[in-house]
Amino acid sequence: MKLLPIRFMGDKKIWILLLLLAAISILSVYSSTYRQTMKTGNLTGAISRHVWLLFVGFVVIYFMHLVPLKYYRLLVPIALLFVIICLTLVFFVQGEAGVAKRWLFSRSFQPSDVAKVVMVVYMAKVLSDGFGGSTKQFIYRAIIPLIIVCGLIITAHTSNVMIIGGTSVLMIFMGASNRRYQIVSALLVFVVITVYLFFYKDIGRGETGANRIKTWIVTTFSPGKKTETAAGKKTKEITGYEQARTAKYAIVSGGFFRIAPGRSVYRKTLSEAHNDYIFAMIVEEYGLLGGISVIAVYLMLFYRVLQLIKKCRKMFTSLLLSGLLISILVQTFIHIGVSVGGIPVTGQNLPMISTGGTSIIITCIAFGMILAVSRAIEESKNSGTVSRKA
């Protein structure tokens, strides 16, 4: 007698691809946490924690994909309020000198990661509900919550603001039934960018972001040029931030084809090898083909989500999947872009592969929602009726 019958429903290919990413993650993290294990002397602590988080994440995916879609709509206003409260509390946390204040409960909970998914679900709900042709209602229900969330995050995590804001605006352009809503959104983007360019030095880590962009431009286009350091006290040859430069060396050393798990050289000096630069570690140990293979897995995953979007009959599920897809896709290619030196340093991890606490669980929640839509579509197809669920 089965006390807890387990049925994996929804798109089976998505399940397989997620398990494949988890396997890649375990191999990569085990190798890239070398620096941590040498510091602590605990050879299995970091990988054990990561495997446990992945296990919890898949449990979350399983239960999330069983939740009826109507509950996402009902609970998202409460979730949004919770996120706003947590983001507000972050301001009262005593941060370390020079370190962005992003966490609650001693770096174990990052509300800005939660906001990525909550805002997608919230925007899908309000856009599918409609605003009755009222621009005022659109501003109150869609624009003001977006401004509040992004405003609370921008002082510490500019790249997350870009992902949340960009995803939300794209969802508005995809789902808004009135052209005025799109015009208001475009004006909002213009105003925000203009204000940020004028006052970035006074907005949280704006100056840090500007220095990163300046350094990236110099190292990419004029690697031999001398310029001021961040402190402005002396000059030095700009070859990029130490981690970004080391990540490039790691990628180059990987060559075209290599099978060398656990034999990375640069993991000893790259402090964020297990997180912000794990793609570089993968390329170093498995070569260019290994890196392309990882990208191929993500592309197949994104393709499966696109196929689901085409099958959606309701605006809410279509916008939900579109928003989640955009958010995860952008984060993935920001991470890869930083690792290869294609864009400035941002601090985004690689979904389902990098280490993390909140980030892993939130990414799993997102995929649980995607599989919940897939399950609803599958049930509708099997019953032979027009779905009211998806």
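Just wondering, is there one or more residues in the range 156-167 that are within 27 Å of VAL345 (Cβ to Cβ), part of a loop (DSSP other than H, G, I, E, B) and either in contact with a Ser or Thr (Cβ under 9 Å, 6 or more places away or on another chain) or at pLDDT below 85 (or both)? Yes.
When VAL117 is tested against (1) β-branched (Val, Ile, Thr); (2) at pLDDT below 90; (3) in a helix (DSSP H, G or I), only condition (2) is not met. Does any residue of the range 325-340 turn out to be part of a loop (DSSP other than H, G, I, E, B), of a type in the set (A, V, I, L, M, F, W, C) and touching a His at 6+ places or on another chain (Cβ under 7 Å)? No, that holds for no residue.
Taking the range 168-185 as the range and being out of contact with any helix residue (DSSP H, G or I) (no Cβ under 8 Å at 6 or more places or on another chain) and part of a helix (DSSP H, G or I) as the test, the residues that pass are ARG179, ILE183. Out of ARG73, ARG49, ARG35, one residue alone is farther than 25 Å from ALA366 by Cα, of a type in the set (D, E, K, R) and either in a helix (DSSP H, G or I) or modelled with pLDDT of 90 or more (or both). It is ARG35. On inspection, GLY232 fails the criterion of being modelled with pLDDT under 75, within 23 Å of the chain's Cα centre (by Cα) and not in a helix (DSSP H, G or I).
Taking the range 254-287 as the range and being more than 19 Å from ALA46 (Cβ to Cβ) and at pLDDT 85 or above as the test, the residues that pass are VAL283, TYR286, GLY287.
One line per residue, one yes/no per condition, for (1) buried (at least 20 other Cβ atoms within 10 Å of the Cβ); (2) at pLDDT 95 or above; (3) closer than 24 Å to MET300 by Cβ; (4) of a type in the set (Asp, Glu):
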position	(1), (2), (3), (4)
LEU18	yes, yes, yes, no
ILE26	no, no, yes, no
VAL29	yes, no, yes, no
GLY41	no, no, no, no
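Residues of the range 85-109 that are in a helix (DSSP H, G or I) and either modelled with pLDDT under 80 or surrounded by 17 or more Cβ atoms within 10 Å (Cβ to Cβ) (or both): CYS86, LEU87, VAL90.
Mind checking whether some residue in the range 347-354 is in contact with a Phe, Trp or Tyr (Cβ under 7 Å, 6 or more places away or on another chain) and buried (at least 16 other Cβ atoms within 10 Å of the Cβ)? Yes: one or more hits. Just one of the numbered conditions (1) modelled with pLDDT under 80; (2) crowded, with 23+ Cβ neighbours inside 10 Å is not true of ALA247: (1).
The values are calculated or read from the model by the stated rules, or taken from the named source; none is laboratory data. Computed from a prediction, not measured in an experiment: that's the story for all the values here. As a convention, Cβ positions derive from the backbone with ideal geometry for all residues, glycine included, and neighbour counts pool all protein chains shown.
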